[in-house]
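Participant: Please read through the structure below; I'll follow up with questions.
The values are calculated or read from the model by the stated rules, or taken from the named source; none is laboratory data. The shown structure was predicted, so the numbers you read here are calculated from the model rather than taken from an experiment. Cβ placement follows ideal geometry from the backbone for every residue including glycine, while neighbour counts extend to all protein chains displayed.
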Amino acid sequence: MKVLISCDYSAAGEHVLQQAQKFLNSMPDIEIHVFSVIDIAVVTASGLYDNSAIVESLQQQAEQVNVKAKQIFVGKDVHFSTEVGYPAERVVARAHELQADLLVLGTHGKTGLNRILIGSVAESVLRHTSCNTLIIPVKHIKNG
């Protein structure tokens, strides 16, 4: 079974990894792929012509996801990748490329104006993916 876990380097991302581990713990023969997307909107919001330093810094932070995933999924082979792009688009594409059987991601549970202005990555992924999807709520997880 191929499992794609999409998360970032925040406390919410770590929560997604921990909850995924609890869910997947009893499943034999799983192939875990952890995926982190560096949001292109964050990169371009800087207004700098050369965004390479920002991308490099965010890639280093994303690498922390790999470290945490290996700590959480002890004894399992964890594959890690990161890309720059629009999160929902890249997650759906990666799930398709991997032919994932299960996609795991978090949702902050945005509602109202925040959802209209910022959008919901989880909702967009659900609308466009064809694989089974586990959504983990992270609304009350604080970065510490």
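Participant: Out of (1) small (G, A, S); (2) modelled with pLDDT of 90 or more; (3) closer than 14 Å to G13 by Cβ, the odd one out for G144 is which?
Facilitator: Exception for G144: condition (2).
Participant: Next question. Could you list, in sequence order, all residues of segment 73-111 that are under 16 Å from V3 (Cα atoms) and under 12 Å from the mean Cα position of the chain (by Cα)?
Facilitator: Once the filter is applied, which keeps residues that are under 16 Å from V3 (Cα atoms) and under 12 Å from the mean Cα position of the chain (by Cα), segment 73-111 yields F80, S81, T82, R90, V91, V92, R94, A95, L103, V104, L105, G106.
Participant: Please indicate, with yes or no, whether at least one residue in segment 61-73 is part of a helix (DSSP H, G or I) and farther than 23 Å from Q21 by Cα.
Facilitator: Within segment 61-73, not a single residue is part of a helix (DSSP H, G or I) and farther than 23 Å from Q21 by Cα.
Participant: For segment 93-140, what are the residues that are at pLDDT below 80 and part of a helix (DSSP H, G or I)?
Facilitator: Selection gives G112, L113, N114, R115, I116, L117, I118.
Per-residue answers, yes or no, for (1) of a type outside the set (S, T, Y); (2) surrounded by fewer than 15 Cβ atoms within 10 Å (Cβ to Cβ):
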site: S6; (1), (2): no, no
site: S10; (1), (2): no, no
site: E14; (1), (2): yes, no
site: S36; (1), (2): no, no
site: D39; (1), (2): yes, no
site: I54; (1), (2): yes, no
site: F73; (1), (2): yes, no
site: D77; (1), (2): yes, yes
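Participant: Next question. Residue check: is D29 touching a Pro at 6+ places or on another chain (Cβ under 6 Å) and farther than 14 Å from L105 by Cα?
Facilitator: no
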